[in-house]
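Worksheet: the structure to be examined is printed underneath.
The values are calculated or read from the model by the stated rules, or taken from the named source; none is laboratory data. Please read all numbers here as calculations on a predicted model, not as lab measurements. Reconstructed Cβ throughout: ideal geometry from the backbone, glycine too, with neighbour counts over all protein chains shown.
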Amino acid sequence: MRILDSTTATGTSSRPTVAVVDLDAIRHNVRTLRPPGAEVMAVVKANGYGHGDVAVAGAALDAGASWLGVALVEEGIRLRHAGLDAPILVLTEFPPGSETEALAAGLTPSLYSEMGLRGVAEAARRLGAEPGVHVKVDTGMHRVGLAPESIEAFLAALSQSGLKLEGLWTHFATSEELDDPFAHRQLQRFTAVVEGVRTAGFEPRYLHAANSAAIMARPETHFDLVRLGIAMYGLSPGPQLFGLADLRPAMAWKSAVSMVKRVGAGERLSYGRRYRLERESTVATVPVGYADGYSRRLSGGGEVLINGVRLPVAGTVTMDQILVDCGGEAVQVGDEVALMGRQGSEEITADELASKMGTINYEVVCGVSERVPRRYTNAGTG
Ligand SMILES: Cc1ncc(COP(=O)(O)O)c(C=O)c1O
(Lines give C-alpha, C1' and ligand atoms only; values in the text may rest on other atoms or scores of the structure.)
Protein backbone atom coordinates (compact mmCIF):
# COMPACT_ATOMS: atom_id res chain seq x y z
CA MET A 1 0.00 0.00 0.00
CA ARG A 2 1.34 3.42 -0.92
CA ILE A 3 0.89 6.02 1.80
CA LEU A 4 0.73 9.61 0.72
CA ASP A 5 1.98 12.14 3.21
CA SER A 6 -0.51 14.94 2.87
CA THR A 7 0.59 16.91 5.88
CA THR A 8 3.97 18.38 5.07
CA ALA A 9 5.36 20.82 2.57
CA THR A 10 7.56 18.11 1.12
CA GLY A 11 4.91 15.38 1.01
CA THR A 12 2.58 14.96 -1.89
CA SER A 13 -1.02 16.03 -1.52
CA SER A 14 -4.04 16.02 -3.72
CA ARG A 15 -5.85 18.37 -1.38
CA PRO A 16 -6.83 21.71 -2.80
CA THR A 17 -6.79 23.16 0.73
CA VAL A 18 -3.39 24.75 1.26
CA ALA A 19 -1.70 27.52 3.19
CA VAL A 20 0.39 29.51 0.73
CA VAL A 21 3.28 31.29 2.41
CA ASP A 22 5.10 34.07 0.60
CA LEU A 23 8.70 34.05 1.81
CA ASP A 24 9.36 37.42 0.17
CA ALA A 25 6.76 38.87 2.53
CA ILE A 26 8.74 37.45 5.46
CA ARG A 27 11.95 38.98 4.09
CA HIS A 28 10.25 42.31 3.47
CA ASN A 29 8.81 42.42 6.99
CA VAL A 30 12.18 41.59 8.59
CA ARG A 31 13.93 44.31 6.56
CA THR A 32 11.17 46.80 7.35
CA LEU A 33 11.23 46.17 11.09
CA ARG A 34 14.92 45.67 11.79
CA PRO A 35 15.84 48.56 14.07
CA PRO A 36 19.02 50.51 13.52
CA GLY A 37 21.66 49.29 15.93
CA ALA A 38 19.90 46.12 17.09
CA GLU A 39 19.99 42.53 15.91
CA VAL A 40 16.80 40.65 15.09
CA MET A 41 15.71 37.34 16.62
CA ALA A 42 13.11 35.76 14.34
CA VAL A 43 10.59 34.07 16.63
CA VAL A 44 9.64 30.85 14.84
CA LYS A 45 8.04 28.88 17.66
CA ALA A 46 4.83 26.93 17.03
CA ASN A 47 5.99 25.96 13.55
CA GLY A 48 6.70 29.58 12.66
CA TYR A 49 3.29 30.73 13.92
CA GLY A 50 1.81 28.11 11.61
CA HIS A 51 3.75 29.29 8.54
CA GLY A 52 6.46 26.60 8.65
CA ASP A 53 9.43 27.13 10.96
CA VAL A 54 12.28 26.00 8.72
CA ALA A 55 11.21 27.99 5.66
CA VAL A 56 10.45 31.12 7.68
CA ALA A 57 13.71 30.86 9.62
CA GLY A 58 15.68 30.59 6.37
CA ALA A 59 13.91 33.61 4.86
CA ALA A 60 14.34 35.68 8.03
CA LEU A 61 18.07 34.89 8.17
CA ASP A 62 18.38 35.84 4.46
CA ALA A 63 16.84 39.20 5.30
CA GLY A 64 19.25 39.98 8.12
CA ALA A 65 17.92 38.28 11.25
CA SER A 66 20.80 36.78 13.21
CA TRP A 67 18.98 34.82 15.94
CA LEU A 68 16.09 32.38 16.03
CA GLY A 69 13.71 32.04 18.98
CA VAL A 70 11.66 28.95 19.86
CA ALA A 71 9.48 27.85 22.77
CA LEU A 72 10.53 24.21 22.91
CA VAL A 73 13.75 22.23 22.81
CA GLU A 74 12.15 20.02 20.14
CA GLU A 75 11.51 23.07 17.97
CA GLY A 76 15.16 24.10 18.21
CA ILE A 77 16.39 20.62 17.39
CA ARG A 78 14.11 20.50 14.35
CA LEU A 79 15.76 23.67 13.05
CA ARG A 80 19.22 22.17 13.62
CA HIS A 81 18.23 18.98 11.81
CA ALA A 82 17.14 21.16 8.90
CA GLY A 83 20.70 22.53 8.77
CA LEU A 84 20.15 25.97 10.32
CA ASP A 85 23.22 26.97 12.29
CA ALA A 86 22.23 30.42 13.58
CA PRO A 87 22.07 30.89 17.35
CA ILE A 88 18.74 29.63 18.70
CA LEU A 89 17.34 30.83 22.02
CA VAL A 90 14.82 28.60 23.76
CA LEU A 91 12.48 31.10 25.41
CA THR A 92 11.68 28.93 28.42
CA GLU A 93 14.00 26.75 30.51
CA PHE A 94 15.00 23.39 29.09
CA PRO A 95 12.69 20.80 30.69
CA PRO A 96 14.51 18.53 33.16
CA GLY A 97 16.08 15.65 31.26
CA SER A 98 16.44 17.52 27.96
CA GLU A 99 19.48 19.62 28.87
CA THR A 100 22.20 17.41 27.39
CA GLU A 101 20.42 16.96 24.09
CA ALA A 102 19.61 20.66 23.92
CA LEU A 103 23.17 21.79 24.63
CA ALA A 104 24.59 19.17 22.27
CA ALA A 105 22.38 20.69 19.56
CA GLY A 106 23.86 24.10 20.36
CA LEU A 107 20.63 25.60 21.69
CA THR A 108 21.00 28.63 23.95
CA PRO A 109 19.24 28.22 27.29
CA SER A 110 17.03 30.73 29.03
CA LEU A 111 17.43 30.46 32.79
CA TYR A 112 15.39 31.74 35.72
CA SER A 113 15.33 29.06 38.40
CA GLU A 114 17.84 27.24 40.55
CA MET A 115 16.64 23.93 39.19
CA GLY A 116 17.09 25.15 35.63
CA LEU A 117 20.56 26.44 36.43
CA ARG A 118 21.62 23.13 38.03
CA GLY A 119 20.34 21.11 35.08
CA VAL A 120 22.15 23.20 32.47
CA ALA A 121 25.36 23.42 34.55
CA GLU A 122 25.51 19.63 35.03
CA ALA A 123 24.84 18.94 31.36
CA ALA A 124 27.48 21.49 30.35
CA ARG A 125 30.02 19.79 32.64
CA ARG A 126 29.22 16.38 31.18
CA LEU A 127 29.63 17.70 27.64
CA GLY A 128 32.65 19.87 28.43
CA ALA A 129 30.68 22.78 26.96
CA GLU A 130 30.65 26.43 27.99
CA PRO A 131 27.27 27.67 26.82
CA GLY A 132 26.30 31.31 27.04
CA VAL A 133 22.98 31.60 28.82
CA HIS A 134 20.25 34.24 28.76
CA VAL A 135 18.75 35.03 32.14
CA LYS A 136 15.10 36.06 32.03
CA VAL A 137 13.89 38.67 34.49
CA ASP A 138 10.22 38.89 35.46
CA THR A 139 9.45 42.60 35.41
CA GLY A 140 5.70 42.22 35.79
CA MET A 141 4.15 39.71 33.41
CA HIS A 142 4.54 36.92 36.01
CA ARG A 143 4.65 34.09 33.49
CA VAL A 144 8.27 32.92 33.81
CA GLY A 145 11.36 34.78 34.99
CA LEU A 146 13.48 35.60 37.97
CA ALA A 147 12.31 38.21 40.48
CA PRO A 148 14.50 41.33 40.15
CA GLU A 149 15.61 41.08 43.81
CA SER A 150 16.99 37.56 43.22
CA ILE A 151 19.13 38.43 40.24
CA GLU A 152 22.48 39.14 41.91
CA ALA A 153 22.54 35.92 43.96
CA PHE A 154 21.47 34.01 40.85
CA LEU A 155 24.29 35.48 38.76
CA ALA A 156 26.81 34.62 41.47
CA ALA A 157 25.60 31.00 41.38
CA LEU A 158 25.75 31.08 37.59
CA SER A 159 29.41 32.16 37.63
CA GLN A 160 30.30 29.54 40.23
CA SER A 161 28.82 26.84 38.06
CA GLY A 162 30.98 27.84 35.11
CA LEU A 163 28.19 29.23 32.90
CA LYS A 164 28.59 32.51 31.07
CA LEU A 165 25.96 35.25 31.13
CA GLU A 166 25.47 36.07 27.45
CA GLY A 167 22.05 37.71 27.67
CA LEU A 168 19.63 39.34 30.07
CA TRP A 169 16.04 39.74 28.99
CA THR A 170 12.46 40.40 29.89
CA HIS A 171 9.05 40.30 28.22
CA PHE A 172 6.27 42.90 28.09
CA ALA A 173 2.68 42.18 29.08
CA THR A 174 1.05 45.19 27.43
CA SER A 175 3.39 46.61 24.78
CA GLU A 176 0.59 46.71 22.18
CA GLU A 177 -1.58 48.94 24.39
CA LEU A 178 0.02 52.24 23.61
CA ASP A 179 -1.77 54.25 26.29
CA ASP A 180 -1.06 51.75 29.09
CA PRO A 181 1.89 52.89 31.23
CA PHE A 182 2.70 49.36 32.42
CA ALA A 183 5.19 48.59 29.64
CA HIS A 184 7.11 51.69 30.65
CA ARG A 185 7.13 50.50 34.27
CA GLN A 186 8.46 47.11 33.13
CA LEU A 187 11.17 48.87 31.14
CA GLN A 188 12.19 50.91 34.20
CA ARG A 189 12.41 47.74 36.30
CA PHE A 190 14.50 46.07 33.61
CA THR A 191 16.83 49.05 33.33
CA ALA A 192 17.31 49.03 37.11
CA VAL A 193 18.18 45.32 36.98
CA VAL A 194 20.68 45.97 34.18
CA GLU A 195 22.38 48.67 36.26
CA GLY A 196 22.60 46.33 39.26
CA VAL A 197 24.03 43.55 37.12
CA ARG A 198 26.68 45.85 35.68
CA THR A 199 27.57 47.15 39.12
CA ALA A 200 28.05 43.53 40.20
CA GLY A 201 30.61 43.16 37.41
CA PHE A 202 28.59 41.40 34.71
CA GLU A 203 28.42 42.70 31.16
CA PRO A 204 25.96 40.59 29.15
CA ARG A 205 26.52 40.84 25.41
CA TYR A 206 22.77 41.01 24.75
CA LEU A 207 19.99 42.89 26.50
CA HIS A 208 16.59 42.22 24.95
CA ALA A 209 12.99 43.05 25.71
CA ALA A 210 11.07 44.08 22.60
CA ASN A 211 8.42 41.96 20.90
CA SER A 212 6.69 43.12 17.70
CA ALA A 213 4.60 45.84 19.31
CA ALA A 214 7.59 47.27 21.15
CA ILE A 215 9.72 47.05 17.98
CA MET A 216 7.08 49.07 16.14
CA ALA A 217 6.15 51.62 18.78
CA ARG A 218 8.72 51.75 21.59
CA PRO A 219 12.23 52.37 20.24
CA GLU A 220 13.53 52.88 23.78
CA THR A 221 13.10 49.12 24.32
CA HIS A 222 15.27 47.92 21.43
CA PHE A 223 18.62 47.45 23.26
CA ASP A 224 20.94 45.02 21.37
CA LEU A 225 18.42 42.50 20.12
CA VAL A 226 14.68 42.46 19.39
CA ARG A 227 12.43 39.42 19.32
CA LEU A 228 10.29 39.70 16.22
CA GLY A 229 7.21 37.48 16.04
CA ILE A 230 3.78 38.30 14.68
CA ALA A 231 4.81 41.36 12.65
CA MET A 232 7.38 39.27 10.75
CA TYR A 233 4.40 37.29 9.49
CA GLY A 234 2.84 40.56 8.33
CA LEU A 235 0.18 40.78 11.03
CA SER A 236 -0.42 43.58 13.49
CA PRO A 237 0.32 42.86 17.16
CA GLY A 238 -2.82 44.73 18.12
CA PRO A 239 -5.45 47.16 16.82
CA GLN A 240 -3.49 50.24 17.85
CA LEU A 241 -0.57 49.22 15.64
CA PHE A 242 -2.46 48.82 12.37
CA GLY A 243 -0.76 50.82 9.64
CA LEU A 244 2.23 51.75 11.76
CA ALA A 245 4.59 49.82 9.50
CA ASP A 246 4.36 48.57 5.93
CA LEU A 247 3.66 44.92 6.72
CA ARG A 248 2.84 42.23 4.17
CA PRO A 249 0.77 39.26 5.41
CA ALA A 250 2.75 36.15 4.50
CA MET A 251 0.00 33.53 4.63
CA ALA A 252 -2.96 33.06 2.33
CA TRP A 253 -5.30 30.14 2.97
CA LYS A 254 -6.94 28.65 -0.08
CA SER A 255 -9.16 25.82 -1.13
CA ALA A 256 -11.34 24.95 -4.12
CA VAL A 257 -15.00 24.14 -4.59
CA SER A 258 -15.49 20.36 -4.49
CA MET A 259 -19.21 20.18 -5.29
CA VAL A 260 -22.02 22.52 -6.35
CA LYS A 261 -25.77 22.01 -6.28
CA ARG A 262 -28.93 24.05 -6.59
CA VAL A 263 -30.96 23.89 -3.40
CA GLY A 264 -34.52 25.13 -3.12
CA ALA A 265 -35.88 28.05 -1.09
CA GLY A 266 -36.74 27.08 2.49
CA GLU A 267 -34.21 24.23 2.66
CA ARG A 268 -31.89 24.14 5.66
CA LEU A 269 -28.17 23.35 5.46
CA SER A 270 -25.51 21.42 7.41
CA TYR A 271 -25.55 19.94 10.93
CA GLY A 272 -28.36 21.25 13.08
CA ARG A 273 -30.07 22.70 9.98
CA ARG A 274 -29.33 26.19 11.33
CA TYR A 275 -29.04 28.01 7.99
CA ARG A 276 -32.21 28.49 5.97
CA LEU A 277 -32.12 29.45 2.30
CA GLU A 278 -34.43 32.38 1.62
CA ARG A 279 -34.41 31.62 -2.10
CA GLU A 280 -33.23 28.88 -4.40
CA SER A 281 -29.44 29.09 -4.36
CA THR A 282 -26.24 27.56 -5.60
CA VAL A 283 -24.62 25.87 -2.63
CA ALA A 284 -20.90 25.10 -2.85
CA THR A 285 -19.06 22.55 -0.74
CA VAL A 286 -15.48 23.39 0.21
CA PRO A 287 -13.13 20.78 1.70
CA VAL A 288 -11.98 22.61 4.81
CA GLY A 289 -13.25 22.24 8.34
CA TYR A 290 -12.46 22.66 11.98
CA ALA A 291 -9.94 19.82 11.84
CA ASP A 292 -7.95 22.11 9.53
CA GLY A 293 -8.21 25.01 11.95
CA TYR A 294 -11.18 26.61 10.20
CA SER A 295 -12.97 27.24 13.45
CA ARG A 296 -16.47 26.05 14.18
CA ARG A 297 -17.00 29.53 15.63
CA LEU A 298 -17.13 30.74 11.99
CA SER A 299 -20.44 28.89 11.62
CA GLY A 300 -22.43 32.03 12.33
CA GLY A 301 -20.74 34.78 10.34
CA GLY A 302 -17.80 33.38 8.40
CA GLU A 303 -17.33 34.48 4.80
CA VAL A 304 -15.12 33.30 1.93
CA LEU A 305 -14.20 34.70 -1.46
CA ILE A 306 -15.05 32.88 -4.69
CA ASN A 307 -14.41 34.58 -8.04
CA GLY A 308 -13.73 37.79 -6.13
CA VAL A 309 -17.17 37.77 -4.46
CA ARG A 310 -17.67 37.66 -0.69
CA LEU A 311 -20.07 34.85 0.20
CA PRO A 312 -21.40 33.53 3.53
CA VAL A 313 -20.47 30.24 5.12
CA ALA A 314 -23.85 28.52 5.24
CA GLY A 315 -24.54 26.87 8.56
CA THR A 316 -22.34 24.79 10.78
CA VAL A 317 -18.65 24.33 9.99
CA THR A 318 -18.06 20.57 10.04
CA MET A 319 -14.84 18.70 10.70
CA ASP A 320 -13.74 18.48 7.06
CA GLN A 321 -16.12 20.58 4.97
CA ILE A 322 -18.06 23.82 4.87
CA LEU A 323 -20.99 24.91 2.74
CA VAL A 324 -21.12 28.30 1.05
CA ASP A 325 -24.30 30.05 -0.02
CA CYS A 326 -23.44 31.31 -3.50
CA GLY A 327 -26.95 32.63 -4.23
CA GLY A 328 -27.18 33.31 -7.96
CA GLU A 329 -23.40 33.33 -8.60
CA ALA A 330 -22.10 31.05 -11.35
CA VAL A 331 -19.79 29.02 -9.15
CA GLN A 332 -18.28 25.79 -10.45
CA VAL A 333 -16.39 22.82 -9.13
CA GLY A 334 -12.67 23.71 -9.01
CA ASP A 335 -13.16 27.45 -8.48
CA GLU A 336 -10.58 28.82 -6.05
CA VAL A 337 -11.87 29.70 -2.59
CA ALA A 338 -10.00 32.25 -0.49
CA LEU A 339 -10.53 31.41 3.16
CA MET A 340 -7.94 34.04 4.11
CA GLY A 341 -6.20 36.33 1.66
CA ARG A 342 -7.05 38.33 -1.45
CA GLN A 343 -9.16 37.75 -4.51
CA GLY A 344 -9.57 40.71 -6.82
CA SER A 345 -10.29 43.77 -4.74
CA GLU A 346 -11.62 41.77 -1.78
CA GLU A 347 -9.57 40.51 1.15
CA ILE A 348 -10.27 38.33 4.16
CA THR A 349 -7.66 39.06 6.79
CA ALA A 350 -6.49 37.03 9.74
CA ASP A 351 -7.89 39.85 11.88
CA GLU A 352 -11.34 39.50 10.33
CA LEU A 353 -11.36 35.77 11.05
CA ALA A 354 -10.01 36.43 14.55
CA SER A 355 -12.71 38.93 15.41
CA LYS A 356 -15.41 36.51 14.21
CA MET A 357 -13.82 33.73 16.24
CA GLY A 358 -13.45 35.89 19.36
CA THR A 359 -9.66 35.64 19.34
CA ILE A 360 -6.51 37.30 17.97
CA ASN A 361 -4.74 36.92 14.63
CA TYR A 362 -1.92 34.94 16.35
CA GLU A 363 -4.34 32.10 17.10
CA VAL A 364 -5.79 32.08 13.58
CA VAL A 365 -2.45 31.43 11.86
CA CYS A 366 -1.09 29.12 14.60
CA GLY A 367 -4.34 27.21 14.36
CA VAL A 368 -4.04 26.21 10.70
CA SER A 369 -3.55 22.56 11.43
CA GLU A 370 -0.82 20.19 10.37
CA ARG A 371 -2.96 18.44 7.80
CA VAL A 372 -3.06 21.61 5.69
CA PRO A 373 -0.03 21.46 3.39
CA ARG A 374 2.15 24.58 3.31
CA ARG A 375 3.21 25.78 -0.14
CA TYR A 376 5.96 28.34 -0.47
CA THR A 377 6.26 31.10 -3.00
CA ASN A 378 9.46 33.08 -3.60
CA ALA A 379 11.48 30.39 -1.88
CA GLY A 380 14.79 31.46 -3.50
CA THR A 381 16.93 33.84 -1.47
CA GLY A 382 15.77 37.39 -1.89
C1 LIG B 1 9.22 35.57 25.07
C2 LIG B 1 8.68 36.04 23.77
N3 LIG B 1 9.35 36.96 23.06
C4 LIG B 1 8.89 37.41 21.87
C5 LIG B 1 7.72 36.95 21.36
C6 LIG B 1 7.22 37.51 20.05
O7 LIG B 1 6.06 38.25 20.28
P8 LIG B 1 5.25 38.91 19.06
O9 LIG B 1 4.73 37.77 18.27
O10 LIG B 1 4.19 39.70 19.71
O11 LIG B 1 6.26 39.70 18.30
C12 LIG B 1 6.97 36.01 22.06
C13 LIG B 1 5.71 35.53 21.52
O14 LIG B 1 4.75 35.25 22.16
C15 LIG B 1 7.48 35.54 23.30
O16 LIG B 1 6.80 34.63 24.03
Those residues that are touching a helix residue (DSSP H, G or I) at 6+ places or on another chain (Cβ under 8 Å) and either in a helix (DSSP H, G or I) or within 16 Å of the ligand (Cβ to nearest atom) (or both), I need them from region 186-210; list them, please.
Leu187, Arg189, Ala192, Val193, Gly196, Val197, Leu207, Ala209, Ala210
Among the candidates Ala19, Ala42, residue that is closer than 30 Å to Val333 by Cα, surrounded by 22 or more Cβ atoms within 10 Å (Cβ to Cβ), in contact (Cβ under 8 Å) with a residue 12 or more places away in the chain and touching a Phe, Trp or Tyr at 6+ places or on another chain (Cβ under 8 Å)
Ala19
Out of Thr359, Thr318, I need the residue that is hydroxyl-bearing (Ser, Thr, Tyr), within 16 Å of the ligand (Cβ to nearest atom) and assigned to a loop (DSSP other than H, G, I, E, B). Which one?
Thr359
Which condition from (1) loosely packed, with under 14 Cβ neighbours inside 10 Å; (2) more than 19 Å from the chain's Cα centre (by Cα); (3) within 14 Å of the ligand (Cβ to nearest atom); (4) not hydroxyl-bearing (Ser, Thr, Tyr) is the one that Pro239 breaks?
(2)
Tell me the residue from Gly119, Gly83 that is of a type in the set (Gly, Ala, Ser), in contact with a helix residue (DSSP H, G or I) (Cβ under 9 Å, 6 or more places away or on another chain) and surrounded by 15 or more Cβ atoms within 10 Å (Cβ to Cβ), please.
Gly119
Determine, yes or no, whether Ser369 is in a helix (DSSP H, G or I) and outside the structural domain of Lys45 (by TED's automatic domain parsing).
no
Exactly one condition in (1) closer than 26 Å to Ala173 by Cβ; (2) aliphatic (A, V, I, L, M); (3) not in a loop (DSSP other than H, G, I, E, B) is not met by Met141; state its number.
(3)
Restricting region 63-112 to residues that are within 13 Å of the ligand (Cβ to nearest atom) and assigned to a loop (DSSP other than H, G, I, E, B), the one nearest to Val137 (Cα to Cα) turns out to be Tyr112
When you go through (1) buried (at least 21 other Cβ atoms within 10 Å of the Cβ); (2) away from the ligand (no atom under 16 Å from the Cβ); (3) within 15 Å of Met340 (Cβ to Cβ) one by one for Leu298, which number turns out not to apply?
(1)
Being surrounded by fewer than 19 Cβ atoms within 10 Å (Cβ to Cβ), more than 16 Å from the ligand (Cβ to nearest atom) and assigned by TED's automatic domain parsing to the domain that holds Leu103, is that true of even one residue in region 167-174?
no
Among the candidates Leu339, Leu353, Leu323, which residue alone is of a type outside the set (Gly, Ala, Ser), part of a helix (DSSP H, G or I) and in contact (Cβ under 8 Å) with a residue 12 or more places away in the chain?
Leu353
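Looking at Asp53, Asp22 in this structure, which one is within 16 Å of the ligand (Cβ to nearest atom), within 19 Å of Val365 (Cα to Cα) and of a type outside the set (Phe, Trp, Tyr)?
Asp53
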Would you check if there is a residue in region 364-376 being over 17 Å from the mean Cα position of the chain (by Cα), more than 22 Å from Gln321 (Cβ to Cβ) and touching a residue at least 12 places away in the same chain (Cβ under 8 Å)?
no
Which one of these does Glu130 not meet: (1) within 16 Å of the ligand (Cβ to nearest atom); (2) assigned to a loop (DSSP other than H, G, I, E, B); (3) farther than 30 Å from Ser236 by Cβ?
(1)
State which residue is nearest to the ligand (Cβ to nearest atom) when the search covers only region 211-236 and only residues that are over 28 Å from Val54 (Cα atoms) and of a type in the set (D, E, K, R).
Arg218
Inside region 73-118, the number of residues satisfying the requirement of being closer than 24 Å to Leu155 by Cα and within 19 Å of the chain's Cα centre (by Cα) is 7
Select from region 133-166 the residues that are away from the ligand (no atom under 16 Å from the Cβ) and polar (S, T, N, Q) and write down the one among them that is nearest to Glu39 (Cα to Cα).
Ser159
Within region 84-142, residues on the phi > 0 side of the Ramachandran plot and touching a residue at least 40 places away in the same chain (Cβ under 8 Å) come out as Gly140
Assess whether Leu305 counts as being modelled with pLDDT of 95 or more and closer than 17 Å to Thr349 by Cα.
yes
